[in-house]
Amino acid sequence: MASNDKVPEQRPSAASQQDDEPDEWDKRIFSTGCADENAKLTDCYYEKKDWRLCKKEMERFRQCWKLQGNDKRTDTKDV
């Protein structure tokens with residue numbers, strides 16, 4: 001490398017700088033009051049790759065959803 005060539009300054013990418021910042025999806029999940037239940041349900045599916053094996057987590061999420069009044073806010077219907 002010639003002495004007048006500049007080495008580009010390495011800065012963290014915009015994505016890595018914002019990893020600590022909640023994105024729109026996170027904000028919506030947090031606003032439901034059921035972020036922990038959602039995370040456990042998502043983790044269960046990720047580990048087991050079958051929603052049928054996550055019935056306990058799904059029921060906890062549903063209970064939280066109703067307790068927080070999200071069924072009324074989002075016009076959710078039980079079937």
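Between D75, D36, which is assigned to a helix (DSSP H, G or I) and loosely packed, with under 15 Cβ neighbours inside 10 Å? It is D36.
Annotation note: Cβ proximity below 6 Å between a residue of segment 51-79 that is modelled with pLDDT of 95 or more and a residue that is surrounded by 12 or more Cβ atoms within 10 Å (Cβ to Cβ) and aromatic (F, W, Y) (sequence gap 6+ or interchain) occurs for C54/Y45. Looking only at residues that are surrounded by 11 or more Cβ atoms within 10 Å (Cβ to Cβ) and under 28 Å from T74 (Cα atoms) in segment 1-26, which one is modelled with the lowest pLDDT? Once the filter is applied, the top-ranked residue is P22. Scanning segment 39-72 for residues that are open to solvent by less than 40 Å² (accessible area, probe 1.4 Å) and of a type in the set (D, E) gives D50, E57, D71.
The values are calculated or read from the model by the stated rules, or taken from the named source; none is laboratory data. As the structure is a computational prediction, the values presented were derived from the model and not from experiment. Reconstructed Cβ throughout: ideal geometry from the backbone, glycine too, with neighbour counts over all protein chains shown. All accessible areas refer to the heavy atoms of the entire protein, side chains included, with ligands and DNA or RNA removed. Shrake-Rupley method; radii C 1.70, N 1.55, O 1.52, S 1.80 Å.
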